[in-house]
Structure formats: C-alpha cells, structure tokens
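Here's the structure, in structure tokens; my notes come after.
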Amino acid sequence: MAEKGSDLVKALFKMGSPVTITQTIDQDTAELLVTEFGHNILRVSESDIDIAHDTSEDPEDQLQPRPPVVTIMGHVDHGKTSLLDALRGTDVVKGEAGGITQHIGAYQVTLKDKSKVTFLDTPGHEAFSEMRARGANVTDIVVLVVAANDGLMPQTIEAINHTKAAGVPMIVAINKVDLDSANPQRVRERLLEHEVMVEEMGGEVQDVEVSALKKTGLDQLIEKIQLQAELLELRANPNREAEGTVIEAKLDKGRGPVATILVNRGTLKVGDVFVVGAESGKIRALVDDKGRQIKEAGPAMPVEILGLSGVPMAGDPLQVVENEARAREVAEYRAGVIQNKRTTNAPASLESMFSALKEKQAMEYPLVVKADTQGTVEAIVAAINKISTDDIKARVLHAGVGGITESDVNAAAASGAPIIGFNVRPNAKAREIADRHKVAFKYYDVIYELTDEIRAGMAGQLGPEAFETVVGRAEIKEVFSAGKHGKAAGLLVTEGAIRKALKARITREDVIIYQGEIASLRRFKDDVPEVRAGLECGVTFTQNFTDIKAGDYLETFEVEMRERTL
C-alpha cells in the first residue's frame, strides 16, 4: 500500500489489536485495515497459487504436424519389447528379468521417409495397469500385440478395455506367426468376443501379421500406423512454453532425480524453469532415447530431463513457468496439499469411526518397499494392496525410490516388518542395523515372484486354519441313569456315523450345551467303535455330563488343520 509500517501498527492499536510490525494478521483484519487507509482490495485464495492446466486451443495457423505417440500393449511374453526392438532395429530385451519390462521406455523411431513415430513400451504386468491407465492419456494409437500361438490372455483383454476406455484407435499386431503352432485366424475370431472386429471380419480395426524374430510384416505395421496417424491429423504448436507428461521417474546415482518426459506441445529447451507435480527445477540437460544430449525437444518427443528438485510421480504434468521463484511457490503449495491429504484422515461421524475400527480388526502384515523407479514403486504397492483378505491386510509402512537406507531399516524394525528391495540393495550402515534388529531383507527383480512370496508370508503369519467336518449326527430319544451319578443317552443315528474316537458336541435348539468326548458307546451291552445311520445305541459322556434331555442332538466331528493360502 506504500504506507509506513508504524502508521499501520498505530491504526491496529486503535482498532483494539496490539501487534508488532512483524506479526501476521488474519484476512478480515487486513481487509478493514486496507479500507481504513482508502485502498482497493482484491482477495486471493490459496489455490490461486497453483497453475491452472492450460486447456486453451492453440490458433490454427500455428499448429504443425507432429509424430504419433504409439503405445505397445499386450500380455507378458507375447513379444512387445522384441517387436519394439525390431522396429527400432536395436536390442533392449536382453537385460530384462523374466522377460518383464521393468522400466517404461519411450523411443522415437525415424522411418525411411524421414517421418518419426514415438513408441511407449508399457510393462505387461497388471500391477502396472494404473501406470497404463495414466499413460493412456498421452497415447494417440495403441498397438495390441497378441501371440499367434497363445491367443487372448487376461492382460490382452485388460489392454483392450484400457484402450476402449481411453477412446484411442487400436491396431492388432499378431506376433510370432513364424511358429508352427501359430493360428492367426483363431486370434481374429477370439477378438470378436471382445467386440474388436478386424478388417478381415468386416470391422474397422486394422490387423497385421508380424514376426519380431524374422522381422516380417514390420513395414505393413508402420504403414498402418502412418495411415491411422494421417486420419487423426495430429498437430501441435511447437512455438510456445512446453507442456509434457512424466512417463517414468527415478533417482539416478550419479545424476540425481531423472524423469522421462513426453512433450505434449511447445518446445522444451535446456535452461527452462518448470514445475512437475510437487517438484520444480531448471533443465540442466536433455537426453534423448539414444543417450545423446540435445538442446531442445519438440512435441511428441520423449526426453530425459535432469535438474529436478526431487522424483515426481509417473503421470504428473510438466509445465514451464516464467521464473524459479514462481516454480518453487507452486511446487511448495502442491506439496502442502498432498501433505494435508495424508494427515487429515479423521473419521467424519460415529458410523464411519466404527466401520474404521471394524476394518482395523484384520491382522496387519507390515512391509517396507524400496524400488529403483517411481513407476515400479507404485506398481508394487498397488499389487500388494490387492492381496489383502478379511483376516489379514498388507500394510506398506513406507515406500520409496532408491537403495535401502538406515531410516528404512529403523521404520521396519519398529514393527518387525520385512524390507522388500526391488532391483535395489541396502548400504553398509543399513545392513549393520538390520543385523542388530533382526530385520529381514527380501530382494526381487520380477513382480510376480514378489507378490507370490508376500502371499505365502501372509498366509504363514495367519497360521494354519481349522477345518471342521461333521462325521455323524444323532437324535437323543431318551435318558437313563447310569452308575451312581452319571446319565446315559439312548440315540437314533440320523446321518453318517457316531464314532467313539471323535470329538462330540450336544446341541439343544441349535445352541451348543456340551463339547467333549464320548466315554462309552454301546449297542446291546457290547462296546462298539462306531454306529452307522439308522441304528440305535447308548452313549455316556466324559466329565460326568448329566444335563441331557430327550430331543437334544449329538454331533461327532473331526478338526483338520490346513496351511492357509491367500
């Protein structure tokens, strides 16, 4: 307001609030004060700090054609990565554990006619379906890879559903047609069940028979991608501030936090100041998919960026802002919002409080998860959360990116949790503390194995389960006195057999009044081991149980202890 500080303090004193010059005052008081000095006021809400996502369309004359972004989806082991390699003419598949793509790769391929296509390789495990659901928003075309010898698998169907939900055109690549057991026609027929009609069947969806191994049919696949891209008329404005999406992010030992960004529009340049999710930064370097440093990246181009303040989440939007102060302000505000969401989970009403308490009754199986990239961490946590049953719940105490540190071990030690390391190892200090506190480390590099072992661990913690099978039922017809104090019962066996060796219980109107063993079982003065249905017998019980009446029922049952499976 360009007024003296001392004048404001005086005015506030007069208004009855003694303050010092450095104190903060609430909005209403500030409003009064501003009007008192005759200035105009504009109230700004907290959320105005955030940058609104710019949805405005660019003017027609500035739009230029851009390469299509093609996501390769399909079931694990159906050859997505090998197909991508064949298209790139390089080799990335060799370094993968169990044939499962661990890191979401993005590649740009330059075709013979100098046009470009960007490929995203999604991991084929269902735990990555969230990533896929997020990543599908950046995709223009989906190539669904189906093995000709295997047909449709659960993840193939899942990919079809994702594609439909995203409303993206699909091209079916029937892979492995070089094998003797291949039956491409069967694949086309099975696709009909899921409302995917290929052109041969009179539908709209294009399909291509390819062999990644023999490199056949690749040119047709590229042609079909280009044809589909032409129909979509993909264009973007390269001459503006860049916007992009995080496809993968990780903490790299030598380079710090690194994120793979797919530029949606604008051109990303070295030196740009940006906000991505709750992180900010200034681009120190751009690295393309072949590991070369480049100066700028245009629309639909995947690049790795260096210079982040921390590791963002996969799927976070990246926006270039005018200066570093603004970038920091937005990032801090967003981090605060996330923090608030985490800390304010108080139940709103009594009902919800009781239901929350009820949910807490399940046993908990605590875990600490560390993995090499943010996408993998999210995938593992999502997979672990799916394992829970009503009796036991997996609870991830802490999940993060990078090697296992002493703070991870301390978090795990407090609640006796094992530490799951996915492609990461503990440092020396962490190992030492773990030995002291007896914390278990478990290392994995394939997600399937990890979820299977956690399942087994949780089942083991619950202990064996008791299964009861009723062997026989009988109705008590009359009661006799037997010996000095005891009573005997005359029974008619109605189902199964009454055996002396088994546990027995007596129910009256379906309420258990006795549980124990049979002391003696007789038929016409003879002791017998068992009496079958339709016959009568006499029984006495252990513990001199005498409260028996005609009309009660006797059941004999076995209890078997079985190891649990989840």
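The values are calculated or read from the model by the stated rules, or taken from the named source; none is laboratory data. All figures in this text were calculated on a predicted structure; none of them were measured in a lab. No Cβ is skipped: glycine too gets one built from the backbone with ideal geometry, and neighbour counts run over all protein chains shown. The area values use the complete protein model at the heavy-atom level, side chains included, leaving out ligands, DNA and RNA. Shrake-Rupley method; radii C 1.70, N 1.55, O 1.52, S 1.80 Å.
Starting from the residue with the highest accessible area, list H398, H485, H194 in decreasing order, probe 1.4 Å.
Most to least solvent-accessible, the answer reads H485, H398, H194.
Can you give me the angle between helix 447-462 and the longest principal axis of the chain, using Cα atoms only, in degrees from 0 to 90, rounded to the nearest 10?
So the helix axis and the longest Cα principal axis differ by about 40 degrees.
Using alpha carbons only, how many angstrom separate the centre of segment 274-294 from the centre of segment 144-191?
Distance between centres, Cα-based: 35 Å.
What are the residues whose amide H is under 5 Å from the amide H of R240, where those residues sit 5 or more places off or on another chain and H is modelled from the backbone?
G266, T267
Just grab the label-to-label distance for L492 and L535, each label 7 Å out from Cα along the Cβ direction, in nm (one decimal).
Each label point lies 7 Å from its Cα, and together they span 1.7 nm.
How high is the relative contact order of the chain, in percent, with contacts defined as C-alpha pairs under 8 Å that are six or more residues apart?
Dividing the mean separation by the residue count of the chain yields 9 percent.
What relative contact order, as a whole-number percentage, does segment 410-566 give when Cα pairs under 8 Å and 6 or more residues apart are counted?
27
Taking only pairs that are 8 or more places apart or on different chains, how many Lys pairs in segment 395-522 have Cα atoms under 22 angstrom apart?
7
Pull up all non-local amide H partners of F119: gap of 5 or more, or a different chain, and H-to-H distance under 5 Å with H placed in the peptide plane.
HN-HN under 5 Å from F119: V70, Y107, Q108, V109.
Does the chain come out rounded, prolate or oblate, given a ≥ b ≥ c as the square roots of the eigenvalues of its C-alpha gyration tensor, rounded meaning a/c under 1.5 and, failing that, prolate meaning a/b above b/c?
oblate
Could you go through segment 13-26 in sequence order and give the Karplus-derived ³J(HN,Hα) for each residue, using 6.51 cos²θ - 1.76 cosθ + 1.60 with θ = phi - 60°, rounded to whole Hz, and x for Gly and Pro?
Here the 3J(HN,Hα) series is 4, 5, 6, x, 10, x, 9, 9, 6, 9, 6, 8, 10, 6 Hz.
Could you work out how far apart the two model spin labels at N340 and N323 are, taking each label as a point 7 Å from the Cα in the direction of the beta carbon, and quote it in nm?
Modelled inter-label distance: 2.7 nm.
Using only the heavy atoms of the protein chains and a 1.4 Å probe, how would I404, I294, I513 rank by accessible area, largest first?
Final ranking, largest accessible area leading: I513, I294, I404.
Looking at the square roots a ≥ b ≥ c of the eigenvalues of the Cα gyration tensor of segment 149-232, which shape do they give, rounded for a/c under 1.5, prolate if a/b is larger than b/c, or oblate?
oblate
Distance between Cα centroids, segment 1-20 to segment 363-408: provide it in whole Å.
Taking the Cα centre of segment 363-408 as reference, the centre of segment 1-20 is 53 Å away.
At 7 Å along the Cα-to-beta-carbon direction for both Q62 and R522, put a label point, then send me their distance in nm to one decimal.
Calculated label separation equals 10.4 nm.
Among A278, A212, V246, flag the residue with its Cα farthest along the positive direction of the charge dipole of segment 200-285, charges on Cβ as +1 for Lys/Arg and -1 for Asp/Glu.
Going by the charge dipole, the pick is A278.
For segment 368-414, just say rounded, prolate or oblate: build the C-alpha gyration tensor, square-root its eigenvalues into a ≥ b ≥ c, call rounded for a/c under 1.5, and beyond that prolate if a/b exceeds b/c, oblate if not.
Oblate.
When ranked by the protection proxy of mean other Cβ atoms within 10 Å per residue, highest first, what sequence do the peptides 538-550, 374-386, 27-39, 314-326 form?
374-386, 314-326, 538-550, 27-39
In whole angstrom, how far apart do the alpha carbon centroids of segment 204-249 and segment 456-480 sit?
61
Efficiency by 1/(1 + (r/R0)^6): what FRET value for R190 and R255, r their Cβ-Cβ distance, R0 = 56 Å, to the nearest 0.05?
FRET efficiency, R190 to R255: 0.80.
What fraction of the DSSP beta bridges in the chain is antiparallel, stated in percent and rounded to the nearest 5?
Approximately 70 percent, going by the DSSP bridge assignments.
In segment 486-550, what GluC sites (Glu not before Pro) fall in a loop by DSSP, with at most 14 other Cβ atoms inside 10 Å?
When the GluC sites (Glu not before Pro) of segment 486-550 are filtered for loop state and at most 14 Cβ neighbours within 10 Å, E509 remain.
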